[in-house]
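Written out below as structure tokens is the structure these notes cover.
FYI, it's all coordinate maths here, none of it is from the lab. Just so it is clear, the model here is predicted, and its values are computed rather than measured. Note: ideal-geometry Cβ built from the backbone for every residue, glycine included; neighbour counts use all protein chains shown.
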Amino acid sequence: MRNGILVIFGTLISFLINIGKSTSPISILKTVPAGFTAMGVPVVRTNVISSIASSLPSGVIILILEHVAIAKSFGRINDYTINPDQEIIAIGFTNIWASFFGAYPSTGSFSRTAIKARSGVKTPIAGVFSALVVLLALYALTPAFYYIPDAVLAAVVIHAVADLVSGPSYVKRLAAVSLWELLIFVVTVVITFFTTVEYGIYASVALSIIILLFRIARPRFWGLGRIPLSKAISSIELPEADQKQIEKTSELQAYLYVPESHPSLGDLVEPLPEGILMCRVDESFTYPNSSYVSDKIIQYCKSRTRSSNVALSKGDRSWNDDTTPDIVAARENLPRLHALILDFASVNRLDSSGLQAIVDAQNTLNRYSGHHVEFHFVNILHPAIRRCLIVAQFGTQPRPGVNRKEILPVVPASRDGPQQNTSPVMQHDDENQIGSSTEVSLQTDEKSAEFAEQVFRNSSINGIPLPKDRYPFFHWSSDEALRSAMASLEVRKYLEESGQDVNEAIGHEGATPSH
């Protein structure tokens, strides 16, 4: 309303100033063509397209960003949600239809939307009435536009844009939320100020993509410790035949697993039992980060355990072998690695490169430890990730001491020189048999292939029975995975003390000791 009053009074004053004068002492709008002067089928001219081609990407980005941003902003104010895809389709349809009337490219407007919201508009039907007013003005009121001062129009535009300028409070809040976003903001403002808006938009989009790829390629990695909480089971009434089971489960302790360097809980973290480590990655295992995550896993395990290899002289040691006498002596009191527990709660995707990286990490740790290192997986959320791990035999895991080949080899083994023979997976029953990746993918589509019919009694904190996973290296909780790893570690120690061959005695299912 204020803008309308300003234009009316400014036009009236301009008309009075220009009475009886051949030239206007102030800058005015002058003649405005009446009606739709360019109505018709648009003609595509190659010279016009070539001259504006460089500005098209930035123009499209501005149209979409402005429209979606204003729609979301007023959606939060008026308690409704929008579909960005639908809004983009609406922008495309509007501009295609408007091209037959010679219209400028259009999008959602901050100023018009704000004016309509304050005027009490509740439905999109208000756009129809706005269009009728515009039609009336184009065909009947164009002579009145002659004396509109340019200064008045400039004031209206500046008033509408003034609310879009971010103040110091926004910059301070942005710095508190994310320094990366503050960097993008500052770089975009500086480039826009010294060049053009087009280059500023290109710079902001490019920086956003670079930072996004960097976050994917370099995810955060944590070594986890545990904090004791409470008894997992208090008292559950069961038949007398299950009293021993009650006594056993009632002694289980529940733990909270947090990063060892947690800023608030780091002082309360207890280390895991010797020979067992747990880690977590906050990103999917994909090609951009597969090597980085694999290296992080290997470095973390080597820093907490000792190697079984004897330190060699400089002449006998490989160029990438870091087991110097000094390092071996420093790690002499560390335990040998037995099992690694991977928390997959943040892993939403696992591709072939990521799967191969996990296989390579296990093979490297097998050579480093001198025996098979168990890999346990917790919180596998997506069935596709589960199928990938089953194809790579992580659900059953091959016989200890055997390294697996590549999942999808780039060079066939027959052309790459002699390779170590891979022994077949130990198969205990038909349920655990995996003939091929095709068979696995077919089997895992059925519910019966995912879980065994048997259930763990008292396996959750409140005593609710949970289905038993048919694959012994996939677990519902970190506590369950840790207990499984501790059981197989106890078997390994027992066999080593008795002088038996551990690699032959421990099956791929992780046997438990019998007392």
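Subtract the Cα-Cα distance of A384 and R173 from 0.36 nm times their separation in residues, and report this length gain in nm to one decimal. Working shown, then result.
Working: separation 211, 0.36 × 211 = 75.96 nm, distance 3.94 nm.
Full-extension gain reported as 72.0 nm.
Put in order of Cβ neighbour count within 10 Å, fewest first, the listed residues E66, E496 become E496, E66. With q set to 0.17, 0.19, 0.31 Å⁻¹, the log10 of I(q)/I(0) for region 166-217, from the Debye formula over equal scatterers at the Cα positions, is -0.55, -0.67, -1.09. Under the shape rule built on the C-alpha gyration tensor, where the axes satisfy a ≥ b ≥ c, region 101-144 is prolate, since a/c reaches at least 1.5 and a/b is greater than b/c. Stokes-Einstein diffusion for region 2-165 at 20 °C, viscosity 1.002 mPa s, with a Kirkwood radius from C-alpha pairs, works out to 115 µm²/s. Ordering S208, S353 from the fewest to the most neighbouring beta carbons within 10 Å gives S208, S353.
Working from label points 7 Å from Cα in the Cα-to-Cβ sense, the R367 to L183 distance is 3.6 nm.
Per-residue packing, averaged as other Cβ atoms within 10 Å, sorts the ranges 213-225, 136-148, 74-86 into the order 213-225, 136-148, 74-86, beginning with the highest. Computing FRET efficiency as 1/(1 + (r/R0)^6) for I158 and A254, where r is the C-beta to C-beta distance and R0 is 56 Å, gives about 0.35. Taking 24 Å as the limit for the C-alpha separation, the pairs K296/K493; K116/K172; K302/K493 exceed it in the case of K296/K493; K116/K172.
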